[in-house]
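In what follows, a structure is listed as structure tokens, so that the remarks can point back to it.
The values are calculated or read from the model by the stated rules, or taken from the named source; none is laboratory data. A quick note: this is a predicted structure, and the numbers were derived from the prediction, not measured. In this analysis, Cβ positions are derived from the backbone assuming ideal geometry, glycine residues included, and neighbour counts consider all displayed protein chains. Heavy atoms of the whole protein, side chains included, go into the accessibility calculation; ligands, DNA and RNA do not. Shrake-Rupley method; radii C 1.70, N 1.55, O 1.52, S 1.80 Å.
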Amino acid sequence: MSTAQAWLSALAVGLVFLAGLLAGTETALARVSRVTVEEAVREGRRGARRLAEVVADPARYVNMVLLLRIGCELVATVIVADLCISWLDETWRAYVTAAAVMILVSYVVIGVGPRTLGIQHADRIALAGAAVIHPVTRVFGPLPRLLILLGNALTPGKGFREGPFASEAELRDLVDLAEQRSLIEPVEREMIHSVFELGDTLVREVMVPRTDIVFVERTKTLRQAMSLALRSGFSRIPVVGENEDDVVGIAYLKDVVRRSQEHREGESVETVDSVMRPATYVPDSKPIDELLREMQARQIHVAIVIDEYGGTAGLVTIEDILEEIVGEITDEYDVETPPVTWLSDDAVRVTARLPVEDLAELFDVEIDAEDVETVGGLLAHALGRVPIEGSTAEVATSDAGTGETGPALSLKAETIAGRRNRVGTVLVRRLGAPVEGAENRAASDHSR
């Protein structure tokens with residue numbers, strides 16, 4: 001081996017080692033928490049302020065780390081290929097040897113080892129990595145952005161301004177991994193996923209449809225408005241003028257009651273438009289995360305949803321948006337339906353939110369439902385559309401013990417519950433089995 005080859009070999013080893021450090025830094029920056037960084041700053045730890053700047057603008061620095069790591073790997077690969085060609089001549093053995101060596105080295109020395117250390121010692125590695133990557137990014141700062149712009153220009157469709165490297169999908173995978181390792185509960189995982197989905201959810205998907213809204217005419221008296229509010233159970237009621245597309249304000253029950261108490265003589269004479277508050281209008285295509293921030297800033301709890309033609313499409317409240325994150329919210333006036341009610345040995349009434357696994361256990365069968373989690377979702381999947389009251393579908397099953405084809409289950413949407421007209425209960429029975437008392441029970445449910 002000549003002196004030049006020795007120097008090239010040392011350079012290749014150094015580049016691989018540097019690429020491994022960058023891979024560990026990239027992983028550590030993704031794992032370190034802002035709370036830990038703030039504590040390090042308060043304690044005055046060396047490099048903490050630089051790390052705080054890195055965490056405050058992660059995309060800029062992570063893109064720089066990724067660029068440097070890829071550059072080190074590729075240069076090291078070129079050097080190893082050149083050395084193999086000089087030792088084994090320009091034959092297929094030289095290329096295969098170079099590829100095999102760099103694949104093995106990249107996987108172990110760059111892929112596995114440093115990333116494992118980055119997870120195990122995220123705080124220390126992030127502090128050390130920030131001390132290096134912070135000044136480097138200041139020198140080569142524009143370079144990653146220029147390369148991202150070039151990549152977006154060559155990529156069909158709309159690209160990502162900050163690059164696609166720190167994607168939402170990766171964050172979702174981290175959340176799923178945290179649940180698998182029992183670091184968070186399944187409910188917490190679902191809540192975090194719901195937060196991710198807020199930006200992709202439109203107002204029309206969570207609003208109370210126009211047909212379910214209780215309106216009050218502006219010419220109604222305060223006594224009539226109070227009676228309507230008490231009978232309907234709503235404390236905020238839209239006030240309409242000529243028709244339901246002419247929403248002129250929102251009547252708050254507490255305003256009506258206060259006015260009635262202050263001027264009892266005008267309770268049966270004064271109209272509701274004297275106490276109504278201005279209505280807030282939002283398009284049905286507005287993302288609900290933007291709407292939530294707007295409602296918080298303007299301190300409003302209800303907004304009227306307008307369709308593309310300017311008509312009233314529905315109504316949305318802060319509660320509707322919060323339910324997309326935390327699930328259905330019930331109060332002391334909501335009647336909770338039992339999750340399972342046996343009607344006979346072969347028929348059962350279940351809530352639409354009952355897990356499919358629990359339904360399979362009730363009938364001692366296996367149900368192939370990889371894409372759905374609840375009975376309501378199973379019914380919608382079998383129908384191929386959103387179920388309405390009375391919708392019926394059949395679901396194939398297999399025997400839980402032998403795996404052979406089992407009796408099919410019939411699913412019928414019995415009731416529609418909630419402000420969004422979702423399926424409340426589902427009647428499930430083995431095909432061919434009579435449903436004892438189901439018709440009478442369903443009738444009594446609708447009568448309520």
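Let's see how each residue does on (1) at pLDDT 90 or above; (2) buried (at least 17 other Cβ atoms within 10 Å of the Cβ); (3) under 34 Å from the mean Cα position of the chain (by Cα):
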residue	(1), (2), (3)
ILE288	no, yes, yes
ARG298	no, no, yes
VAL302	yes, yes, yes
VAL305	yes, yes, yes
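How about the range 341-354: which of its residues are at pLDDT below 85, surrounded by fewer than 20 Cβ atoms within 10 Å (Cβ to Cβ) and over 17 Å from PRO407 (Cα atoms)? If the condition is that a residue be at pLDDT below 85, surrounded by fewer than 20 Cβ atoms within 10 Å (Cβ to Cβ) and over 17 Å from PRO407 (Cα atoms), then ARG353 is the only one that fits. The condition of being charged (D, E, K, R) and either modelled with pLDDT under 80 or within 18 Å of THR27 (Cβ to Cβ) (or both) holds for only one of ARG93, ARG115, that being ARG115.
Within the range 59-87, can you find the residues that are over 19 Å from HIS121 (Cβ atoms) and either under 30 Å from the mean Cα position of the chain (by Cα) or not hydrophobic (A, V, I, L, M, F, W, C) (or both)? Result: ALA59, ARG60, ASN63, MET64, LEU66, LEU67, GLY71, GLU73, THR77, ASP82, SER86.
Candidates are the residues of the range 310-322 that are assigned to a helix (DSSP H, G or I) and open to solvent by 20 Å² or more (accessible area, probe 1.4 Å); the one that is farthest from PRO238 (Cα to Cα) is LEU322.
Pairs are defined by a Cβ separation below 7 Å, a sequence spacing of at least 6 or placement on different chains, a first member in the range 242-257 that is over 15 Å from SER232 (Cβ atoms), and a second member that is of a type in the set (Lys, Arg); the pairs so defined are GLU244/ARG210; VAL248/ARG218; GLY249/ARG277. The residue of the range 46-90 that is modelled with the highest pLDDT, among those that are part of a helix (DSSP H, G or I), of a type in the set (Asp, Glu) and surrounded by fewer than 16 Cβ atoms within 10 Å (Cβ to Cβ), is ASP82.
The condition (being at pLDDT 80 or above, in a helix (DSSP H, G or I), out of contact with any Lys or Arg (no Cβ under 9 Å at 6 or more places or on another chain) and β-branched (Val, Ile, Thr)) is satisfied by just one residue among VAL16, VAL35: VAL16.
Could you go through the range 105-128 and let me know if any residue there is in contact (Cβ under 8 Å) with a residue 12 or more places away in the chain, closer than 15 Å to ASN63 by Cβ and surrounded by 17 or more Cβ atoms within 10 Å (Cβ to Cβ). Checking the range 105-128: not a single residue is in contact (Cβ under 8 Å) with a residue 12 or more places away in the chain, closer than 15 Å to ASN63 by Cβ and surrounded by 17 or more Cβ atoms within 10 Å (Cβ to Cβ). When the range 185-216 is filtered for residues that are of a type in the set (Asp, Glu) and either surrounded by 16 or more Cβ atoms within 10 Å (Cβ to Cβ) or under 14 Å from LEU322 (Cα atoms) (or both), the ones remaining, listed by number, are GLU190, GLU197, GLU205. Is it the case that GLU394 is open to solvent by less than 30 Å² (accessible area, probe 1.4 Å) and at pLDDT 80 or above? Against the criterion (open to solvent by less than 30 Å² (accessible area, probe 1.4 Å) and at pLDDT 80 or above), GLU394 does not qualify.
Residue under question is GLU267, and the condition is that it be open to solvent by less than 30 Å² (accessible area, probe 1.4 Å), touching a helix residue (DSSP H, G or I) at 6+ places or on another chain (Cβ under 8 Å) and at pLDDT below 90; does it hold?
Against the criterion (open to solvent by less than 30 Å² (accessible area, probe 1.4 Å), touching a helix residue (DSSP H, G or I) at 6+ places or on another chain (Cβ under 8 Å) and at pLDDT below 90), GLU267 does not qualify.
Within the range 284-309, the set of residues being assigned to a strand (DSSP E or B) and aliphatic (A, V, I, L, M) comprises VAL302, ALA303, ILE304, VAL305, ILE306.
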